[in-house]
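> Here's a structure for you.
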Amino acid sequence: MNTSGPAAGGGLRLIPFRGLRYVPERVGSLAAVTSPPYDVVVRPDGLHHLESADPHNIVRLILPQGATAAARHHQAAETLKRWLAEGVLAPDPAPVLYVYEQRAGDALQRGVIGALALSPTSDGVVLPHEDVMADVVEDRADLMRTAAAHLEPLLLSYAGDGGPRGATAVIERVVQRLPLLATTTEDGVGHRLWAVTDPAEQAEIESDLSRHQALIADGHHRWATYLRLQQEQSAPGPWDFGLVLLVDTARYPLRVRAIHRLLHRLPVAHALRALDGRFRVRPVDGPLERALDVLVDATTTEGNAFLLAGDGHFHLIDLPDEQLLARTVPTDRPAAWRALDATVLHNTLLDDVWGIPDAPEHIAYIHDAAAAVEQAERHDATAVLMRPVREDVVRDLARQGVTMPRKSTSFGPKPATGLVLRSLGVG
C-alpha cells in the first residue's frame with residue numbers, strides 16, 4: 001500500500017483537541033490507572049488485576065461491569081462524570097496535539113496523538129485490513145455514545161520518507177522538552193507524553209500528514225464505531241473526528257504478532273479426532289516457547305499450520321487436504337487471502353471441520369499465547385495458537401481493498417489506555 005502518497009479523497013487531517021488526563025495528585029500513580037486496550041485485557045483475571053491496581057483504573061471505563069450492556073455503559077458514563085467532578089480527570093487548558101513515546105529496552109516508538117477527521121474507506125485515506133464483528137461494534141458504539149467520549153486511541157501507521165522533516169522533525173524537537181507525564185507500566189514499558197502547543201508546530205504536523213494515508217494497525221472495531229456514530233449525527237461536530245495515534249513506520253517500524261483463539265466448548269481430544277485424514281497432526285514437545293518456535297518454523301513449509309493446546313500437550317497441525325481447502329475456501333479473493341492461516345482457520349476448521357459458530361460464547365480472541373493455553377487447560381477447551389502474518393502481506397491486501405478475517409493481526413506496541421482521553425463535550 002502506498003501510504004506515502006496523497007489519497008484519492010485527500011490526505012489525513014489531524015487537529016488539536018483538549019485531552020482529558022488523570023491528575024497525578026488524585027491517583028496512586030499514573031502506571032496504576034493505565035490499561036492495555038480493551039480487547040487485549042484477558043478476562044476475568046486481567047480485569048480483576050487492573051480493577052484492584054487503583055480504584056480509578058481506566059478499565060472501569062473501557063470494560064465496565066454490570067448485569068446488562070445498558071447498565072455497564074451507564075455505569076461507565078456515570079463514573080467518568082464523577083471522576084471529572086472530583087478532579088480525578090481534568091481537561092487540558094487548550095486544544096493541542098500530543099507526542100507520545102513508548103520505550104522498552106532498545107525498542108522505541110514515537111507518534112502523534114490527535115483528533116483525526118473521519119472518512120469512508122472508499123476515500124482511501126484510512127484503510128482497514130480486517131473484518132469486524134457487528135456485536136462488538138454495537139457494544140463499543142453504545143459505550144461511546146453513552147459516555148460521550150473516546151476512551152482510548154486507535155493505532156494508525158503511515159509511511160513517511162524517513163527523513164527529519166514535517167511531523168518527524170516536530171517530534172524530534174518536542175522530545176527534548178519537559179514532558180507532561182512520564183511513567184513506567186508493570187510490563188517495563190516507559191511512557192512519556194508531550195503537548196505540542198505552538199501553532200506553527202501544529203501546522204507543520206498537519207501539513208505533513210495531509211500528504212499521507214494510513215493503515216489501521218490496531219482498532220478496526222473502534223474505527224467502525226467512529227464511522228457509525230458519525231452517521232447518526234444530523235450536523236457537523238465533534239463526532240466527525242476520532243482519537244488516534246499516528247506512527248510513521250518508516251521511522252518507527254511496528255511489530256506484527258498473532259492473535260490466538262480459545263474454543264470454549266471444544267475439548268482437544270474432540271478437535272483432534274475431527275482432523276483425522278484432513279490435516280497432518282504431530283505431537284510437539286514443550287515448553288510453550290519451544291512449541292511456538294516449531295510453529296513459526298513451519299512458516300518455511302508450504303501450506304497452513306496451527307498449534308493446538310489445552311490437554312497438557314502441544315499438537316502441530318499442518319498440510320491440510322487440498323480437496324478440503326478447495327471445497328471450503330472461497331475462490332473470489334486473491335491467492336494471498338486464500339492462503340492466510342486465519343482464512344483456513346475460519347472457513348475450513350471452524351466452519352466445516354469443527355462446526356463452531358464465530359460467536360463470543362464459542363470463541364475468545366486472546367493476544368497472549370500463555371494465557372490462551374492456561375485458560376484452555378483450566379476449562380477443558382482448545383487453544384488454537386497462530387503464526388503472525390507478514391506486514392507486507394497485510395499492506396498488499398489492504399491496497400487491493402481486501403480485508404482479512406477478523407483478529408488476524410496484532411500490531412504493536414499498542415498505546416497504553418488512560419494517558420489521554422477525548423471528551424465529545426469538551427472542545
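> So, R0 is 41 Å and r is the distance between the beta-carbons of A69 and A107; what FRET efficiency does that work out to, to 0.05?
On the way: r = 37 Å, r/R0 = 0.91.
The calculated FRET efficiency here is 0.65.
> Per 0.36 nm of contour for each residue apart, how much would the distance between T331 and R390 grow if the chain were fully extended, relative to their Cα-Cα spacing?
Working: separation 59, 0.36 × 59 = 21.24 nm, distance 2.17 nm.
Working it through step by step, the gained length comes to 19.1 nm.
> Please compute the per residue accessible area over the range 233-340 with all protein chains in place, 1.4 Å probe, rounded to a whole number of Å².
Using a 1.4 Å probe on heavy atoms only, each residue of the range 233-340 averages 52 Å².
> Choose one answer from L292, L193, L319: the residue with the largest mean-square fluctuation in a GNM of the chain with alpha-carbon springs under 10 Å.
Of the options given, L319 has the highest mean-square fluctuation.
> Ignoring ligands, DNA and RNA, what percent of the 1.4 Å accessible area of the chain is carbon and sulfur?
Result for the chain: 52 percent of the exposed heavy-atom area is carbon or sulfur.
> Quick one: net charge around D380, please, counting Lys, Arg +1 and Asp, Glu -1 for every other residue with C-beta under 12 Å from its C-beta. Numbers along the way, then the final one.
Details: positive: R265, R378; negative: D311, E377.
Once positives and negatives cancel, what remains is 0.
> A follow-up question, please. Run the numbers for V175 and S52: contour at 0.36 nm per residue of separation, minus the present Cα-Cα distance, in nm.
Working: separation 123, 0.36 × 123 = 44.28 nm, distance 3.27 nm.
Using 0.36 nm per residue and subtracting the Cα-Cα distance, I get 41.0 nm.
> Helix-only estimate, please: 222 nm mean residue ellipticity of the chain, summing -39500 (n - 2.57) across DSSP H runs of length 4 or more and dividing by its residues, to the nearest 500.
It lands at -8500 deg cm²/dmol.
> What list of ³J(HN,Hα) values in whole Hz, one per residue of the range 89-95 in order, does the Karplus curve 6.51 cos²θ - 1.76 cosθ + 1.60 (θ = phi - 60°) give from phi, with Gly and Pro shown as x?
10, 8, x, 5, x, 9, x
> Under a GNM of the chain (C-alpha, springs under 10 Å), which listed residue has the highest mean-square fluctuation: D161, D332, D198?
Maximum fluctuation in the GNM of the chain, among the listed residues, is at D332.
> Using only alpha carbon pairs under 8 Å that are at least six residues apart, calculate the relative contact order of the range 148-204 and give it in whole percent. Don't skip to the end; give the middle numbers.
Numbers: 33 pairs, mean separation 14.8, N = 57.
Across the range 148-204, relative contact order equals 26 percent.
> At 18 Å minimum axial length over the Cα atoms and a Kyte-Doolittle cut of 0.5, report the qualifying DSSP H helices in the chain, or say none.
none
> Heavy-atom accessible area per residue, the range 93-200, 1.4 Å probe: how many Å²?
That works out to 38 Å² for each residue.
> Under a GNM of the chain (C-alpha, springs under 10 Å), which listed residue has the highest mean-square fluctuation: S210, S52, S410?
Maximum among the listed residues: S52.
> Okay, next question. Which length gain, in nm to one decimal place, applies between D352 and D276 when the Cα-Cα distance is subtracted from 0.36 nm times their residue separation?
26.0 nm
> Towards the positive end of the charge dipole of the chain, with charges on Cβ (+1 Lys, Arg; -1 Asp, Glu), say which of P236, Y38, A104 has the farthest Cα.
Result: P236.
> Considering only the other residues whose Cβ falls under 11 Å of the Cβ of D54, what net charge follows from Lys and Arg at +1 and Asp and Glu at -1?
Details: positive: R26, R60; negative: E51.
Net of charged neighbours comes to +1.
> Let me ask you something else. R338 to T184: FRET efficiency via 1/(1 + (r/R0)^6), r the Cβ-Cβ distance, R0 60 Å, to the nearest 0.05? Write down the numbers at each step before the final one.
Working: r = 44 Å, r/R0 = 0.73.
Once the sixth-power term is evaluated, E becomes 0.85.
> Which FRET efficiency, nearest 0.05, do S210 and E86 yield, Cβ-Cβ r, R0 41 Å?
Between S210 and E86 the formula returns 0.55.
> Given an 8 Å cut-off on Cα distances and at least 6 residues of separation, report the relative contact order of the chain as a percent.
After rounding, I find 25 percent.
The values are calculated or read from the model by the stated rules, or taken from the named source; none is laboratory data. Predicted, not measured: the structure shown is a model, and the values here were computed from it. Here Cβ is always computed from backbone atoms with ideal geometry, including for glycine, and neighbour counts include all displayed protein chains. Just so you know, the surface numbers come from the protein's heavy atoms only, side chains and all, with ligands and any DNA or RNA stripped out. Shrake-Rupley method; radii C 1.70, N 1.55, O 1.52, S 1.80 Å.
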